[in-house]
Amino acid sequence: MSESVVDIKGVSRSFGKKVALDEVDLSVPKGSVVGLVGENGAGKTTLLKHVLGLFKARTGTVRVFGKDPVKDPESVLSEIGYLSEVRDLPDWMKIGELMSYTKAFFPSWDDAFAEELRQMFELSLDQKVKTLSRGQRARAGLIAAIAHRPQLLVLDEPSSGLDPVVRRDILSAIIRTVADEGRTVLFSSHLLDEVQRVSDHVAMLHLGKMLLTSPMDDVLTSHHRLTVRFEQPLDSPLKLDAALRCEGEGREWTVLCNGERASVEAQLTQLDGEIVDRAAPTLDEIFVARMNG
Amino acid sequence: MQIHITEADGTPFYQQVVNQIKFLVASGRLDEGEQLPPVRRLAEQLLVNPNTIARAYRELESEGVVASKRGAGVFVSDSGSPLSRKEKTRILHERIDALLTESSQLGVGVDSLLKLIEQRSKKFDSPRGGKS
């Protein structure tokens, strides 16, 4: 139904012998916030660099706004706001210079919005980028990424290593961006609670493979956490085919499953287990279960 | 309007917002005809996706808890009372179910539980107790 802003099909990429991306598909619907999660080295940054046209897909296709970001970089990049994980800003510039420099690249730069953000973030125009703290640097990078009101905002680990106040600024920037009709956000993070908060879709990468892409609410409601108690302590670890993860010791175990709740419960009952609690797991628990099985 | 959402349990956020607004209506903290905050403002306040809030409002509207007036915003429905009665029952059912589960796990039967409830409720009968 809805059109895709980013459409990635069958993209694979290796660095030497290491497979960074393996037949990855990803579709980012217009107006959505997609949270890309995965462990370090899962391929998140590599995937985002394909979206930005910094890497050329060797196999598969990448389309952003229906265009190839490698062949058509100017028209694609002018509509993208990007904040990289390393926040590579020119150290020798002052904040004011950074703003006018960035503005030169983007015809749609909004001076009033940039100024509003600068004051909100308490950055002074003549402060040198080199002297900024980590949090200030993230804020300066954020101004450069969103003041041209991009159609697509791409953030690579925007909150890593930042204090809660700056993280809040970043989350509200994401929210403001989508609240402006039809704008889209694709961001990677390993702060799962944050992803759960602001994303409406989640994409889970693991060792270069896309494990799942789904609306957030579907992911949360299709997984179940059961706590089960057995008459006798189990002498070997609990193992169930339909479960993603079983954890515990002795008489009490926690079982996390996806969708197959009825069959998991039947199996547990057959083992003389009494289910003492049924709950909805958090995205964090689901992620851990999927990664470590 | 004070809403608190948590990622600590996996209940989808839109559902948490729906439940809490229903609770506010049922308990009279949101009056008939009162306006709910605009989607964007509530999203920024709670730091959640605006689509989540929009979905919660749609859900509340389809259940008749709120009504949106074109261009003016979203308001608590006038026909709140029968619904709020139903909602009160629903909220209590939820708590009762949780209590029954817990007491059965503790090996306390329904009869003893009822007695306990009566005893405890006497504590609230003093003049300082909540409104009936």
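I'm trying to understand the selection: among the residues of region A:250-272, which are closer than 14 Å to A:Pro237 by Cβ and either without any contact (Cβ under 8 Å) to a residue 12 or more places away in the chain or in contact with a Lys or Arg (Cβ under 7 Å, 6 or more places away or on another chain) (or both)? Hits for region A:250-272 are A:Arg251, A:Glu252, A:Thr254. Residues that are farther than 26 Å from A:Asp193 by Cβ and within 12 Å of chain B (Cβ to nearest Cβ) number at least 2 in the following strands (runs of 3 or more DSSP E) confined to region A:215-293: A:273-279. Total residues in region A:62-107 satisfying the condition of being in contact with a strand residue (DSSP E or B) (Cβ under 9 Å, 6 or more places away or on another chain), small (Gly, Ala, Ser) and surrounded by fewer than 18 Cβ atoms within 10 Å (Cβ to Cβ): the figure is 2. Screening the candidates B:Ala8, B:Ala98, B:Ala67, B:Ala56 for the property of being more than 15 Å from the chain's Cα centre (by Cα), within 14 Å of chain A (Cβ to nearest Cβ), under 30 Å from A:Ser32 (Cβ atoms) and among the small types (Gly, Ala, Ser) yields one hit, B:Ala8.
Here is a yes/no grid of residues against (1) of a type in the set (Lys, Arg); (2) within 24 Å of the chain's Cα centre (by Cα); (3) crowded, with 18+ Cβ neighbours inside 10 Å; (4) over 22 Å from B:Thr6 (Cα atoms):
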residue	(1), (2), (3), (4)
A:Leu207	no, yes, no, yes
A:Met210	no, yes, yes, yes
A:Thr221	no, yes, no, no
A:Leu226	no, no, yes, no
A:Leu234	no, no, no, yes
A:Gly248	no, no, no, yes
A:Glu252	no, no, no, yes
A:Leu271	no, no, no, yes
A:Glu285	no, yes, yes, no
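If you go through region A:123-171 and keep only what is assigned to a helix (DSSP H, G or I), more than 19 Å from A:Leu192 (Cβ to Cβ) and free of Cβ contacts under 8 Å to residues at least 40 places away in the same chain, you end up with A:Lys130, A:Thr131, A:Arg134, A:Gly135, A:Gln136, A:Arg139, A:Val165. Checking every residue in region B:36-46 against the condition of being in contact with a Gly (Cβ under 7 Å, 6 or more places away or on another chain), within 12 Å of chain A (Cβ to nearest Cβ), surrounded by 14 or more Cβ atoms within 10 Å (Cβ to Cβ) and not aliphatic (A, V, I, L, M) gives at least one match. B:Val108 meets the conditions (1) assigned to a loop (DSSP other than H, G, I, E, B); (2) closer than 23 Å to B:Val39 by Cα; (3) of a type in the set (A, V, I, L, M, F, W, C) in every case but one. The failed one is (2). Inspection of region A:178-189 finds a residue satisfying the criterion of being in a helix (DSSP H, G or I), touching a residue at least 24 places away in the same chain (Cβ under 8 Å), within 11 Å of chain B (Cβ to nearest Cβ) and crowded, with 20+ Cβ neighbours inside 10 Å. Total residues in region B:14-31 satisfying the condition of being within 14 Å of chain A (Cβ to nearest Cβ), free of Cβ contacts under 8 Å to residues at least 40 places away in the same chain and under 13 Å from B:Leu42 (Cβ atoms): the figure is 2. Is it the case that region A:31-39 has a residue that's surrounded by fewer than 20 Cβ atoms within 10 Å (Cβ to Cβ) and either among the aromatic types (Phe, Trp, Tyr) or free of Cβ contacts under 8 Å to residues at least 40 places away in the same chain (or both)? There is no residue in region A:31-39 that is surrounded by fewer than 20 Cβ atoms within 10 Å (Cβ to Cβ) and either among the aromatic types (Phe, Trp, Tyr) or free of Cβ contacts under 8 Å to residues at least 40 places away in the same chain (or both).
No lab work stands behind these numbers, since they all come straight from the coordinates. A quick note: this is a predicted structure, and the numbers were derived from the prediction, not measured. Methodologically, a virtual Cβ is constructed for each residue, glycine included, from the backbone with ideal geometry; neighbour enumeration extends over all protein chains shown.
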